[in-house]
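**Student:** Once you've had a glance at the structure underneath, I'll fire off some questions.
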Amino acid sequence: MKRRNFLGLGLATLATLPVALSAVDFRKEKPDTWTAKSVEDSIKKLYGDVKAEEKGVKLKAPDVASNGGAIPVSVKTDIEAKTVAIFQDVNPESTVAVYTVPEGQPVDYSLKIKMKKSGTITVLVEGKDGKFYSAKKTLEVALGGCEG
């Protein structure tokens, strides 16, 4: 390996280290969130009793998902966020994902989720201002994705 490549790789690793160290392991810190059976219960176990404003968050998902095994979902917001959490209301456990947002980074996430039947996806953004913002999307699932 060339010296310049080696040094560049080392600097890139050091630059990402603070982000990795500041991330919260929500499965370890809030284990009850991952076993909650409803969206409301999941939110309560993750954040406590919070009131969210339904503004400022864009949630994109298809109106009809032909296959519930791989539903494309995207979340975008200009809100300065601390965390972003995604929930659904039809599978046995409601919490899908929780992200820690690195300082100064935009929220523009895409992922694929499973849903066994038609239902609602909810996104909750924890702002750095201490407020919570949400968006919801109801969709139809033609073929369930959790039957095997």
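Each value in this text was obtained by applying a stated rule to the coordinates, not by laboratory testing. Values in this document were obtained by computation on a predicted structure and should not be read as measured data. Note that each Cβ is placed from the backbone with ideal geometry, even for glycine, and that neighbours are counted across all protein chains shown.
**Student:** For a label point 7 Å from the Cα of Lys55 along Cα→C-beta, name the residues of the stretch 104-130 whose backbone N is under 17 Å from it.
**Tutor:** What the label zone holds, given the 17 Å backbone N cut-off, is 125-130.
**Student:** Continuing with the same structure: Are there GluC sites (Glu not before Pro) in the stretch 81-148 that DSSP marks as loop and that have at most 14 other Cβ atoms within 10 Å, and which are they?
**Tutor:** Qualifying residues, ordered by number: Glu93, Glu103, Glu147.
**Student:** Whose amide H sits under 5 Å from the amide H of Val24, counting only residues 5 or more places off or on another chain, with H placed in the peptide plane?
**Tutor:** Thr100
**Student:** Cut-off is 10 Å between beta-carbons; in what order do Tyr133, Tyr47 appear when sorted fewest neighbours first?
**Tutor:** Arranged by neighbour count, lowest to highest, Tyr133, Tyr47 become Tyr47, Tyr133.
**Student:** Also, I was wondering about something else. What is the list of residues in the stretch 97-131 whose amide nitrogen lies under 15 Å from a point 7 angstrom out from the Cα of Val64, following Cα to Cβ?
**Tutor:** Once the point is set 7 Å along Cα→Cβ of Val64, 118-119 turn out to lie under 15 Å by backbone N, inside the stretch 97-131.
**Student:** On to the next question. Report the full-extension gain for the segment Lys131 to Ala97: residue separation times 0.36 nm, less the Cα-Cα distance, to one decimal in nm.
**Tutor:** 10.3 nm
**Student:** Could you work out how far apart the two model spin labels at Ser38 and Asp78 are, taking each label as a point 7 Å from the Cα in the direction of the beta carbon, and quote it in nm?
**Tutor:** So the label points at Ser38 and Asp78 sit 3.6 nm apart.
**Student:** Another question about this same structure. Let me know the charge dipole size of the stretch 23-136 about its Cα centre in debye, to the nearest 20, where only the beta-carbon of Lys, Arg (+1) and Asp, Glu (-1) is charged.
**Tutor:** The calculated dipole for the stretch 23-136 is roughly 340 debye.
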